Structures are given as structure tokens and as C-alpha cells.
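These notes concern the structure reproduced below.
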Amino acid sequence: MVTVTMTVNGRQVSKEVEDRRLLVDFLREDLELTGTHVGCDTSQCGACVVHLDGKAIKSCTILAAQADGTSITTIEGLADGAELHPLQAAFKEHHGLQCGYCTPGMIMSGVDIIRRHEGQLDEDTVRHELEGNICRCTGYHNIVKAILAAAQEMHGEVRQAAE
Amino acid sequence: MAQDGIGARVARKEDKRFITGKGRYVDDMRVAGMKHVAFVRSPYAHAKVGGINSEQARNMPGVLAVLTGSELVADGIGNLICGWMVHSKDGTPMNMGAWPALAPEVVRFVGQAVAMVIAETRAEARDAADVVAVEWEELPAITDPAKALGEGVPQLHPEAKGNLIYDWEIGDKAAADKALSEAAHVTRMEIVNNRLVPNAMEPRAALAQYDAAEDHFTLWTTSQNPHVARLVLSAFYNVAPEHKLRVIAPDVGGGFGSKIFIYPEEVACLWAARKTGLAVKWTGDRSEAFLTDAHGRDHVTVAEMAFDANNRITAFKIDTIANFGAYMSLFSSSVPTYLYATLLSGQYDIPTIHCNVRGVYTNTAPVDAYRGAGRPEATYVVERMMETAARELGVAPPELRRTNFIREFPHQTPVIMNYDAGDYEASLSAALSASDYAGFGERKAEAARRGKLRGIGLSCYIEACGIAPSQAVGSLGAGVGLWESAEVRVNPVGTIEVLTGSHSHGQGHETTFAQLVAERLGVPIDNVSIVHGDTDKVQFGMGTYGSRSGAVGMSAISKAIDKVEAKAKKLAAHLLEAAEGDIEIADGEVRVAGTDKKLGWHEVCLAAYTAHNLPEGMEPGLKEGSFYDPANFTFPAGAYVCEVEVDPDTGHTEIIQFVAADDFGRIINPMIVEGQVHGGIAQGVGQAILEGCIYDPESGQLITASYNDYAMPRAHDLPSFKVSTTETICPSNPIGMKGCGEAGAIGTPPAVINAITDAIDNNDLSMPATPEKVWRALRAGATAMRQAAE
């Protein structure tokens with residue numbers, strides 16, 4: 001057993017967990033933050049993406065102990081109170097989700113993509129950057145649209161809008 | 001039209017919980033005292049199960065119980081069944097092998113469960129499952145459906161000699177043979193429809209609880225049809241009596257057919273909850289999903305199409321072997337028969353059709369309905385044949401289709417279906433125009449200058465949705481009726497709850513169903529709540545599959561609204577001292593037409609509940625229900641154009657553009673319909689160029705058992721799609737809807753393969769058209785051409 005302490009969605013948490021506890025299980029089971037999902041067991045699908053110290057990571061591929069001392073943001077912590085993050089709002093406006101299962105990971109990845117490219121995105125870049133996130137419902141069409149729209153809203157410029 | 005009524009592009013009401021991480025899926029549920037289940041699964045494709053030694057497992061930390069198949073059978077838990085009876089052409093019933101939820105004697109596919117471990121945590125359950133010692137006696141296995149029929153191969157079930165499930169036919173064989181022998185031209189193809197794994201992103205899960213004091217069961221499960229689950233679990237599997245079993249399917253993370261069926265894990269968890277007195281949860285991982293979710297497709301077909309001298313089809317003859325896997329899943333028997341062969345007329349006027357289907361057992365996971373279920377297989381056969389015939393006949397592919405289009409409705413095909421409405425020319429013209437089909441030659445030449453091979457392919461699909469009426473499907477062997485139920489409850493303040501037997505797992509029912517109510521009763525959609533997925537709340541329902549929730553589910557709501565509207569009008573007429581026929585309901589008001597006399601909708605609703613002043617004989621309250629059974633299947637149809645570029649050096653295919661023109665009848669929410677089509681196209685492209693489920697033919701091991709080996713479509717595999725709709729109103733239901741959920745998966749694969757084979761000028765190409773296969777086909781085509789020239 002190991003004691004882990006981290007900041008999750010702005011709140012400091014400290015718990016004793018099994019050494020082998022994955023961060024995703026720590027979030028889902030120990031903190032009851034069930035918005036982060038598990039869609040595979042090979043680190044491929046991206047349903048579990050959260051932000052660790054501001055960067056997107058797959059929470060199924062890191063131990064809770066490795067995240068000791070870090071700051072984690074999950075989908076539950078993305079909105080500013082009642083006000084949705086622009087990408088959350090864009091997913092709704094552009095119908096970027098259907099069953100909703102991949103959505104938290106998609107949004108957390110999307111926020112990271114927009115951040116890393118400082119909003120300077122085109123469709124091709126978004127599609128390649130989404131390599132690590134699988135959606136079975138949407139065909140990605142509206143996810144790409146939502147990310148481009150949010151990037152434009154957040155940074156004012158998008159080189160080439162999706163159809 | 002109401003502002004957020006029928007036809008409005010309304011953002012989804014359900015989205016907020018999903019985009020903020022507040023969706024509630026089965027694995028998110030926890031109940032007091034809940035324990036965790038892990039299954040002990042077969043590492044062999046075919047083996048006898050000897051002794052099961054669980055002593056070491058029982059002594060592991062946190063382990064509470066280990067249960068086996070022999071205990072399950074001893075407790076009288078029934079075998080899993082296929083609920084659709086299909087008879088062979090000799091009149092004998094299908095040969096259904098016994099399928100216990102935990103196998104006590106023989107396992108027949110890799111991953112089949114033989115025992116279950118219950119422990120305090122999931123990790124402890126899995127650790128213990130790893131050390132349950134099973135004495136396996138491996139048996140020879142067979143996985144290839146084309147080789148599994150007959151005596152000289154491994155036999156799976158004593159009930160099915162030669163592994164044959166049925167040998168079924170439809171249509172007139174003698175007439176088809178005669179037409180083929182007299183034809184001016186015959187196109188003949190051998191066609192494989194590749195096996196797929198559905199891959200809903202949420203793995204299956206089940207949480208079962210037993211209340212001994214009440215003798216009551218609750219099952220939270222990843223289901224597309226919780227009422228069917230309750231019926232089957234009680235009436236057939238003897239796990240719990242129906243009135244003592246509550247089945248809840250909360251938010252469900254995609255289904256695509258795979259969550260229609262009642263699986264061994266759900267049966268075992270319910271049984272275990274009672275046996276141990278513990279609430280138990282099982283959540284499958286992706287590996288278990290690959291091994292045990294019902295797979296899709298897997299047909300081997302020979303097709304022959306006869307043409308006269310005017311390029312009109314005179315007959316179509318099809319011989320198909322359908323792989324069922326190791327057991328007959330819940331609706332498996334209907335998929336390669338009544339959902340497949342009945343669509344082999346496509347959009348064409350074909351006087352004679354004969355189709356023979358042999359269902360076969362193999363040592364693979366069970367196969368059942370997956371998005372489209374039979375109709376993608378039929379469309380792939382028909383539309384590969386049409387494109388190939390056009391090439392052989394030297395006719396432009398759109399022209400050969402036009403020559404053979406059905407143009408008058410209703411149209412009775414030779415294979416049961418009676419098409420009620422359609423305009424195939426309209427969707428074809430729309431697709432050709434949107435894709436600039438006419439300008440393709442220039443684009444091909446331009447691509448050639450860049451060293452790329454450009455191809456274009458067409459597909460004109462038809463499908464049948466709704467799977468109804470009940471009397472018709474009953475006569476074809478369905479064990480259930482395929483109607484839908486609805487209840488419309490108007491509250492005293494005028495807000496409305498709609499209880500529906502349909503189940504939403506991505507389709508957006510909470511929005512579209514509310515739009516129908518808004519349109520009809522003049523209330524904003526925010527004043528409408530849609531209740532579904534809980535057998536304690538909704539009395540009964542058949543669930544969501546076969547693109548039926550609009551055409552059947554919403555029609556039931558429409559019928560219930562009719563009754564609410566009639567009662568509200570009668571009450572309003574009484575209160576306003578007007579004639580019932582003069583009352584109209586719109587914009588939150590109940591008005592006497594042509595006058596300024598009116599009441600607020602909420603005032604009428606309140607009056608129904610105060611009951612101070614009701615018309616003579618009227619009961620208080622405002623709540624009505626309906627069971628709706630459609631008049632016919634519905635027939636969505638459309639035309640898809642795919643344009644590709646192949647890199648001749650690598651064989652890699654890039655989809656340059658994909659155009660869909662669909663006729664779904666009346667559309668409630670265009671945004672949601674487009675989303676359904678996008679997703680269907682992606683799955684169709686997946687089948688065409690990426691996805692293929694491969695078992696090792698010797699060992700029966702699943703080779704493609706993870707996302708490392710099974711190529712799911714990713715964002716960069718796909719372009720943005722150009723989708724549009726044409727509209728012929730469906731005459732068979734009150735809303736005029738046809739259904740849109742499966743079209744993309746049905747119409748897409750032949751369009752893609754027709755495009756690639758056009759690009760590489762070699763028609764001999766199977767799905768998935770991976771770069772290696774395309775590269776080899778390109779080389780083989782060039783060699784064949786060189787040899788022909790020499």
C-alpha cells in the first residue's frame with residue numbers, strides 16, 4: 001500500500017491505495033469521479049484521458065502512485081462552475097457526441113490539442129492529433145468540427161474550417 | 001411548426017451530463033455491500049471441461065465465492081436460446097445446440113466462461129480467477145465457415161450433424177436457373193462478407209442485487225432492450241420471476257446490436273446474487289468484449305445475376321454460408337435469412353430471385369445482429385454485383401442501375417418485401433450531383449499526373465427497418481412481437497413525461513421524442529421528459545435496434561398523444577363552451593379556432609386533475625398509453641458515392657470524398673440524423689478497408705483481440721462526409737418516418753470497394769481492403785493485363 005496525495009480538480013486529496021492502483025481506478029473508485037471512462041485495456045482508446053499538470057495523459061497507463069504530488073483535472077473539473085468550457089459547449093452545439101462514452105476523453109484531448117497548437121488548427125491536424133482517441137458513434141465528423149470551432153472561439157483564428 | 005418541433009435542428013437535451021462527466025453508466029453504479037466478479041474463461045477454442053479446482057482461489061485475499069457451471073445447471077438455470085425459429089427447406093426446425101451460461105462440460109470458443117469468482121475488489125477477483133485450475137482436454141477446432149459443413153471436420157454440437165444449423169431457401173430456384181441459362185449475360189461473383197467486432201466503446205457490464213426479504217432482483221445492465229432482457233431472463237432462463245425482476249439499462253455507451261442480446265454474464269451475475277446473497281458487479285474489459293460480444297457478418301457467398309439483351313435483370317441467384325459461431329445467439333437465426341435474403345432485390349425490379357442459406361457452427365464467438373444485421377451483407381452482394389455487371393456490360397454504373405430501378409410503388413419483390421414508397425432516381429441524382437460524378441474523369445487524370453490511382457464507386461442501397469408488423473414477423477418465426485409501447489403523462493402544471501419502450505444509447509431520444517411532443521402539444525421541449533430504460537417505470541417495450549425507435553417507438557408516442565389531445569380538447573370544449581371540433585392546441589394555448597376564447601395549456605391540465613368541472617362521464621387526470629404495431633416494415637434507401645486515391649507504391653487507400661444521399665422519410669432533427677449517417681459511414685468504411693476479425697484456423701485463437709490488432713477507424717482514416725437527404729414520406733406509420741440508424745453501415749462498404757477496384761482496375765479484392773491486399777491486387781491485375789496483351 002502507498003499513500004498518494006494530489007490535487008484533483010482543485011481539491012487536495014490523500015488516500016492509501018494498492019501499489020498497483022491505476023490512476024483511472026483511483027479517480028473512478030476512490031474519488032468517485034466516474035466521468036473518466038475505461039474503453040480498452042491496451043492504452044488505445046483514450047476514453048480515460050485526463051490532464052496531469054496541464055497535459056493530456058491516459059489515466060489507464062499511469063499508476064496513482066506516479067501521479068503523487070501532481071495536479072489532475074478530469075472532465076468534472078473542466079467547466080468553470082456553471083459555465084461550460086468552450087469545447088464542452090462546442091461538442092453540444094456541433095453534435096460531437098452520441099452515446100457519450102468516449103466524450104470525456106475526447107474533450108480532454110481536444111483541450112490539450114488546442115492548447116499545444118495555440119488554436120492554430122486545421123482539419124488534417126485535428127484528425128491526426130486524435131490518433132489516440134477512438135469514437136464508434138460519430139465518425140469523428142462533428143468532433144473535428146467542434147474542436148475547430150472551439151479553437152477558433154478560444155484563439156480567434158483557424159486556418160481552414162472543416163466542411 | 002413549433003420552434004423546437006419536427007424538423008428543427010435542436011441541440012441535444014441529454015448532452016449536458018455527458019460533456020460534464022455526469023453520465024451514469026453501469027460501471028458507475030455502486031450499491032451497498034457490492035462485490036466484484038471475474039470470470040474464468042476457456043483458453044481453448046474447443047475443449048472438454050474436466051475437474052475445476054478452486055481451492056487455491058478460495059484462499060486468495062478478498063475471495064468470497066467461486067461458482068461453476070455444474071452448480072448453475074444444478075440450480076435449474078436454463079440454457080441461452082435463440083428466439084427466432086427458422087426451418088430448413090425440408091421442414092425441419094433449426095438445430096440449436098445447448099448453451100449453458102457457465103459451461104459445465106464442453107467449451108466451444110475461446111473466452112467462454114466456465115466459472116466465476118466473487119471477491120471484495122475487482123483486482124482480487126481477477127487475481128483469483130487466474131488461479132482457478134481447470135482440467136482441459138483440448139479438442140480439434142474449426143473456424144472457417146466454408147470448411148465447417150459436413151462430417152469430416154470437428155463437430156460442435158450433438159444436436160447439429162455436420163455443424164449444420166439450417167439449410168434454408170427463399171424464392172423460385174427452377175425459375176432462377178432457367179433465366180440464368182437463357183440470359184444474354186451472366187455476372188458471377190464469389191463474395192466474402194468479413195467478420196466484424198461491434199466495439200461499442202462501453203464494454204458490457206452487469207450489476208445484480210437480490211433482496212431476500214422481498215424475494216426481489218434488480219439488474220443494472222448494458223442493454224438496448226431491458227424489457228426483453230427481463231422477459232428472457234425470467235421466462236426462458238429461470239433466473240428470476242418477471243414480476244420480481246427489475247432491469248435497468250441506464251446510460252449505455254453504444255450498442256450497434258451487440259447489446260440486444262442477453263449474455264451469459266448477466267445470467268450468471270443474477271444467479272450468483274441470489275445464491276450468495278451478495279450484490280455483485282461484473283464489468284468486462286476490452287479483451288473480454290473482443291472474445292465474447294456477439295460478432296457480426298461473416299458470410300461466404302456465390303452470386304449469379306442474369307441480364308437480358310437490354311441490360312435488364314431477369315434473375316438473381318445467391319448461395320450463402322453464414323457463420324453462427326459456437327452458439328445460436330438470441331436473434332442470430334433471423335439475420336442471414338429474413339433480414340438478409342429479403343433485401344436481395346435491392347432497389348431493382350427483379351422478377352426472379354432465389355437464395356439458399358446454410359447456417360453453420362464454428363469454434364468462434366457467437367454471431368448475431370451488428371449495425372445493419374443482414375442488410376449490409378445483402379447490399380454488399382447486390383451492389384458489388386451491379387457495379388461488376390456494369391463493367392462487364394460496358395455500361396456506366398449509374399445507367400445500369402437506372403435501367404433496373406423500381407419506379408412504381410407499392411412494389412412486391414419476389415422475396416417477401418413490399419416496398420411502400422421510394423424515389424431511387426432522386427437519391428441517385430442527388431449523390432451524383434453532390435459528388436460531381438460527371439467530372440470524375442478529369443480528377444482521375446489529374447491524380448494520375450501525381451502518380452496516384454483514383455477510383456469512384458457507387459452504391460444504391462435499400463434496407464428494411466422497424467422489423468414489423470408483429471403478425472408478419474410471428475409468421476416468419478419471431479418469438480416476440482415487434483411493436484412498441486408509450487405512455488404520455490401530463491402533469492397538473494402541463495409539463496409532460498413520456499415513458500417509452502425504446503432505449504437510447506446515443507440516438508438522442510431525449511431530444512427527438514420531446515420534439516414530437518412539442519410539435520403536437522405546443523409545449524417547449526424543456527417541459528418534456530423522456531423516461532426509458534427501467535422496467536419498473538416503463539411497463540413494457542421492445543427496445544432499440546433495427547432503426548426502429550423513430551418509426552415504431554415514436555409512432556407509439558404519437559398514438560398516445562392522439563388520445564391525450566382528444567381528451568384535452570374535449571375538456572377544453574366543455575370549459576370554453578365550444579364544440580370539440582373547434583378546439584386547437586398550439587403555442588402553450590388551447591384555443592377556440594377563429595375566436596379569442598382560449599385557456600392556457602396548463603389551465604386545461606390543471607382542470608383535468610382538480611376535476612371540479614369535467615364533462616359528464618370523464619375520468620380525472622390526463623395520461624394515455626398506446627401499443628403501436630406498424631402496418632409494414634419501412635424502407636429507407638439512398639445512393640452513396642465514394643472516391644478514393646490509391647498509392648500504387650504502398651497500396652494505401654485514401655478516401656477523398658464520401659457522399660451520401662439518403663431517403664429517411666420525415667426527419668425530426670436533421671442534426672441528429674446527419675450524426676447517425678456519419679457514424680454509419682465510419683463503420684462501413686471500417687468494414688471496407690480496416691476491420692477484420694481473424695481467428696487462427698488451427699488453434700481457434702482470436703488473433704485480432706485488441707485495438708493493437710483490430711483496426712478501428714480513427715479520425716485520420718476518414719474524411720469529412722457530404723450528407724444530404726431526399727424525402728418520400730413513409731405511408732406505413734403516422735409520422736412518415738423510415739429510420740436512419742443503420743443506413744451508413746449498409747450502403748458504404750460496396751461504394752468503397754467499388755471505388756478501390758475501379759482505381760486499381762482489378763475487381764478481385766476482398767474486405768478489408770488493407771494496403772497489402774490492394775497492393776497485391778494491383779500487381780495481380782497488372783500481371784493479368786500484361787498476360788492478356790501477350
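Counting only protein heavy atoms and a probe of 1.4 Å, the accessible surface of chain B is 49% carbon and sulfur. Return the FRET efficiency for the residue pair A:Asp124, B:Arg9: r is the Cβ-Cβ distance, R0 is 30 Å, and the value is rounded to the nearest 0.05. Once the sixth-power term is evaluated, E becomes 0.65.
When only Cα pairs below 8 angstrom with a gap of at least 6 residues are kept, region B:748-790 shows a relative contact order of 32 percent. Our summary of shape: the Cα atoms of region B:571-617 have principal axis extents of 27, 20, 13 Å, ordered from largest down, in whole angstrom.
The A and B chains share an interface that buries close to 4400 Å² of accessible area, total over both sides, probe 1.4 Å. Just add up the charged neighbours of B:Lys281: K/R +1, D/E -1, any other residue whose Cβ is under 10 Å from the Cβ of B:Lys281. The answer is +2. Taking the centroid of alpha carbons for each part, region A:83-101 and region B:243-259 are 24 Å apart. Residues of region A:75-93 that bury at least 50 Å² of accessible area once all protein chains are present, compared with their chain alone (1.4 Å probe, heavy atoms only, ligands and nucleic acids left out), are A:Lys92. As an exercise, take the mean of 1/r over every pair of distinct alpha carbons in region B:1-158, invert it, and state the Kirkwood radius in angstroms. Evaluated on region B:1-158, it is 19.6 Å.
Output needed for region B:483-628: three equivalent-ellipsoid semi-axes, defined as square roots of 5 times the C-alpha gyration tensor eigenvalues, in descending order, whole Å. Spell out each step's value before the answer.
Numbers: eigenvalues 164, 44, 31 Å².
Listed largest to smallest, the semi-axes of region B:483-628 are 29, 15, 12 Å.
Please say if region B:471-514 is rounded, prolate or oblate, where rounded means a/c under 1.5 for a ≥ b ≥ c the square roots of the C-alpha gyration tensor eigenvalues, and otherwise the choice is prolate for a/b larger than b/c and oblate otherwise? The shape class here is oblate.
B:Leu393 contributes an accessible area of around 50 Å² to the protein surface, as traced by a 1.4 Å probe with all chains present. Distance distribution P(r), the protein assembly as shown, all Cα-Cα pairs, bin width 20 angstrom from 0: 14, 45, 34, 7, 0 percent.
On the principal axes of its alpha carbon atoms, region A:2-75 extends 28, 24, 19 Å, with the longest extent given first. Rolling a 1.4 Å probe over the protein heavy atoms gives the protein assembly as shown an accessible area of 34 Å² per residue. The modelled label-to-label distance between B:Glu654 and B:Arg779, using points 7 Å beyond Cα along the C-beta direction, is 2.4 nm.
Of all lysines in the structure, those lying under 19 Å Cα to Cα from B:Lys597, and not within fewer than 8 positions of it along the same chain, are B:Lys567, B:Lys569, B:Lys570. Placing dummy labels 7 Å off each Cα toward the beta-carbon, the span from B:Ile729 to B:Ser706 is 5.5 nm.
In the assembled protein chains, A:His128 presents an accessible area of approximately 100 Å² (probe radius 1.4 Å). In this simple spin-label model, placing a label point 7 Å from the Cα along the Cα-to-Cβ direction at both B:Ser475 and B:Asn238 gives a separation of 3.5 nm.
When only Cα pairs below 8 angstrom with a gap of at least 6 residues are kept, region A:2-75 shows a relative contact order of 40 percent. In this calculation the C-beta distance from B:Ala788 to A:Ser14 is compared with R0 = 45 Å, giving a FRET efficiency of 0.05. Using a cutoff of 8 angstrom between alpha carbon atoms and counting only pairs six or more residues apart, the relative contact order for chain B works out to 15 percent. Largest first and in whole Å, the equivalent-ellipsoid semi-axes of chain B read 42, 38, 23, each the square root of five times a Cα gyration tensor eigenvalue.
In the structure displayed, which of B:Lys537/B:Lys623; B:Lys89/B:Lys259; A:Lys15/A:Lys92; B:Lys598/B:Lys738; A:Lys15/A:Lys58 lie more than 25 Å apart, Cα to Cα? Can you show the working numbers first?
On the way: B:Lys537/B:Lys623 14 Å; B:Lys89/B:Lys259 31 Å; A:Lys15/A:Lys92 35 Å; B:Lys598/B:Lys738 37 Å; A:Lys15/A:Lys58 21 Å.
Pairs exceeding the cut-off: B:Lys89/B:Lys259; A:Lys15/A:Lys92; B:Lys598/B:Lys738.
Which order do B:Lys570, B:Lys773, B:Lys259 take by accessible area at a 1.4 Å probe, largest first?
Final ranking, largest accessible area leading: B:Lys570, B:Lys773, B:Lys259.
Shown for region B:674-701: residues covered by the partner protein chains by 40 Å² or more of accessible area relative to the chain by itself (probe radius 1.4 Å), namely B:His678.
The protection proxy used here, the mean number of other Cβ atoms lying within 10 Å of each residue, ranks peptides B:179-185, B:217-223, B:546-552 as follows, highest first: B:546-552, B:217-223, B:179-185.
Counting only heavy atoms of the protein chains and using a 1.4 Å probe, B:Trp775 has close to 90 Å² of accessible surface.
What does the charge add up to near B:Arg17, with Lys and Arg as +1, Asp and Glu as -1, over the other residues with Cβ less than 12 Å from its Cβ? My count for the surroundings of B:Arg17 gives 0.
Distance from the Cα centroid of region B:338-366 to that of region B:72-126 is 27 Å (rounded to whole angstrom).
Relative to its residue count, region B:111-206 spans a Cα convex hull of 217 Å³ per residue.
The values are calculated or read from the model by the stated rules, or taken from the named source; none is laboratory data. It should be emphasised that the depicted structure is a prediction, and the values quoted were computed from it without experimental measurement. Here the Cβ is made from the backbone with ideal geometry for all residues, glycine too, and neighbour counts use every protein chain on show. Surface accessibility is based on the protein's heavy atoms, side chains included, excluding ligands, DNA and RNA. Shrake-Rupley method; radii C 1.70, N 1.55, O 1.52, S 1.80 Å.
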